[in-house]
Amino acid sequence: MTAFSLEPAQLAWCAELRTLAAQRLRPLADKGEPGHVNRALVAELGSLGLLGRLFTSGALDLCLMRESLAYACTEAETALALQGLGAHPVHAHGTQAQRARWLPRVADGTAIAAFALSEPGAGSDAAALELRAEPESRAEPESPQGEGPPAAPALAAAPDGPARWRLTGEKCWISNAPEADFYTVFARTAPGAGARGVTAFLVPADRPGLTGRGLDMLSPHPIGALDFDAVPVTADDVLGAVDRGFRVAMGTLNLFRPSVGAFAVGMAQAALDATLAHTAGRDAFGGKLRDLQAVSHQVAEMALRTEAARLMVHAAASAHDADAPDVPGRSAMAKLLATETAQYVVDAAVQLHGARALQRGHLLEHLYREVRAPRIYEGASEVQRGIIAKELYARQEAR
């Protein structure tokens, strides 16, 4: 099944991507080491021109890429998505120098990008992040006795250089950490200002004071924590404007949330197709498994939910490409429905396959591990419900 809105050329491109994923990307993915960046796989994505399309395609094309790759090779899909997530702020908000240095390398797969937003105490509540960007200050003379405390230090700049900060704190659950070549880092530049006091910085991995460690997670792709010990950054590293980094983060997430849904739809479709093949060929109770009404109805429900999720993902992506006013709500709906649907479909597929689906190396065993995380990252399902409700009430009050 396909969404009614896709053109023949789009359908052909999706088919081509599935073939590429199966024939050229899957073998490289199989050679990768779980928990580490597969640079050979990323380089192949670059040579195929798929990474470069991250910066020239709209949200719908991004969804088609992610769904098609996920169907045949989730590792390739995730590698592509993480390059886009980490580098999109540079593409959308970077200076000419930042873009010239990093985007060509991201596009050809020789530089690994990462999006560093989450913290141990600020996951779903991204506005509560605590990584500090402390201004470097000139030494201030002590105030004469009786004249009160010295004035607050001003943001310092070298005589011929930009303003400077030191980043201090921790990031956690960062995909591609600690092996990325650069990070889009969100830090607090205005204490107590909530979302209005966050700045986005482009931080190369070789900056002094920046260290990291891998985390042993359920998902096979690399996820780690980063420690910032007075890591130096300057105004030349700012993405967008000072104290306006939350807009950078939310703009990136509004683009990528529907495509998280597309990733989920790709996994759901793979699980559904595997289930169709299994139930059509499996002998049970004097016939085929598909002849049991309970089984056929279950498969029908899986197909129904998968197609509904696909349509909502495409609708949200199309709204983003059309610069519609309700993009945050639509993106949240798409991610929520698609990720919850994929969890249901993969779980149902495992049930219909029986014990064989739990064996290491089985497609469904792999999907069962992969499908859980998208309900959490880039805003958990509960966060998406909050966004949807907020948008609904804002629309009602505006009438």
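FYI, it's all coordinate maths here, none of it is from the lab. This structure is a prediction, so every number in the text was calculated from the model and none was measured. Cβ coordinates were reconstructed from backbone atoms using ideal geometry, including for glycine residues, and neighbour counts include every protein chain displayed.
Only Lys, Arg, Asp and Glu count, each charged at its Cβ (+1, +1, -1, -1), so figure out the dipole size of the chain about its Cα centre, rounded to 20 debye.
Here the chain has a charge dipole of around 760 debye.
If I fit a long axis through the Cα atoms of helix 96-108 and take the longest principal axis of the Cα atoms of the chain, what angle between them do I get, 0 to 90°, rounded to 10?
In the chain, helix 96-108 runs at an angle near 30 degrees to the longest axis.
I need two numbers for region 229-379: Rg to one decimal and Dmax as a whole number, Cα atoms only, in Å.
Cα-based Rg and Dmax for region 229-379 come out at 20.1, 73 Å.
If I model a spin label as a point 7 Å beyond the Cα along the Cα-Cβ vector, how far apart are those points for Ile376 and His362 in nm?
So the two model labels end up 2.4 nm from each other.
For Asp243, Asp236, what's the fewest-to-most ordering of other Cβ within 10 Å of each Cβ?
Fewest-to-most ranking of Asp243, Asp236: Asp236, Asp243.
Using only Cα atoms and rounding to the nearest 10 degrees, what angle (0 to 90) does helix 59-72 make with the longest principal axis of the chain?
Tilt of helix 59-72: around 50 degrees.
Neighbouring Cβ atoms within 10 Å as the yardstick, rank Met65, Met250, Met333 fewest first.
Result, fewest neighbours first: Met250, Met333, Met65.
Full extension from Leu392 to Ala241: what is 0.36 nm times the residue separation minus their Cα-Cα distance, to one decimal in nm?
51.4 nm
Give me Ile388, Ile174, Ile223 ranked fewest to most by other Cβ atoms within 10 Å of their Cβ, as a rough exposure proxy. List each step's numbers first, then the result.
On the way: Ile388 17, Ile174 25, Ile223 22.
Final ranking by Cβ density, sparse to dense: Ile388, Ile223, Ile174.
Compute the relative contact order of region 8-108 as a whole-number percentage, counting only Cα pairs closer than 8 Å that sit 6 or more residues apart in sequence.
On the way: 86 pairs, mean separation 36.0, N = 101.
It rounds to 36 percent for region 8-108.
Could you check the simple spin-label distance between Ala97 and Asp283, using points 7 Å along Cα→Cβ, in nm with one decimal?
Taking the simple label geometry, Ala97 and Asp283 are separated by 7.3 nm.
Straight-line reach only, C-alpha to C-alpha below 26 angstrom: list the lysines that Lys390 could link to, leaving out same-chain residues fewer than 8 apart.
In chain and number order, the partners are Lys335.
Any chance you could list the semi-axes, whole Å, largest first, of the equivalent ellipsoid that the Cα gyration tensor gives for the chain, using √(5λ)?
Gyration-tensor ellipsoid for the chain: 43, 22, 19 Å.
To test your reading of the geometry: what angle, between 0 and 90 degrees and rounded to tens, separates the Cα axis of helix 245-281 from the longest principal axis of the chain?
20
Determine the percent antiparallel among the DSSP beta bridges restricted to the chain, to the nearest 5.
If we restrict to bridges inside the chain, about 85 percent are antiparallel.
For Pro191, what charge total do you get from the other residues with a beta carbon under 12 Å from its beta carbon, if Lys and Arg give +1 and Asp and Glu give -1?
On the way: positive: Arg132, Arg188, Arg196; negative: Glu130, Glu134, Asp243.
Value of the local net charge: 0.
Counting only helical runs of four or more DSSP H residues, what would the 222 nm mean residue ellipticity of the chain come to if each run contributes -39,500 (n - 2.57) and the total is spread over all its residues? Before the final figure, lay out the partial values.
On the way: 11 runs with 193 residues, N = 399.
Estimated from H runs of four or more residues: -16500 deg cm²/dmol.
Taking N as the number of residues in region 8-108, what is its alpha-carbon radius of gyration divided by 2.2 N^0.38 Å? Mind dumping the intermediate values first?
Details: Rg = 13.5 Å, N = 101, 2.2 N^0.38 = 12.7 Å.
It is 1.06.
Testing the spin-label approximation: label points 7 Å from Cα along Cα→Cβ at Arg385 and Ala322. State their distance in nm.
2.9
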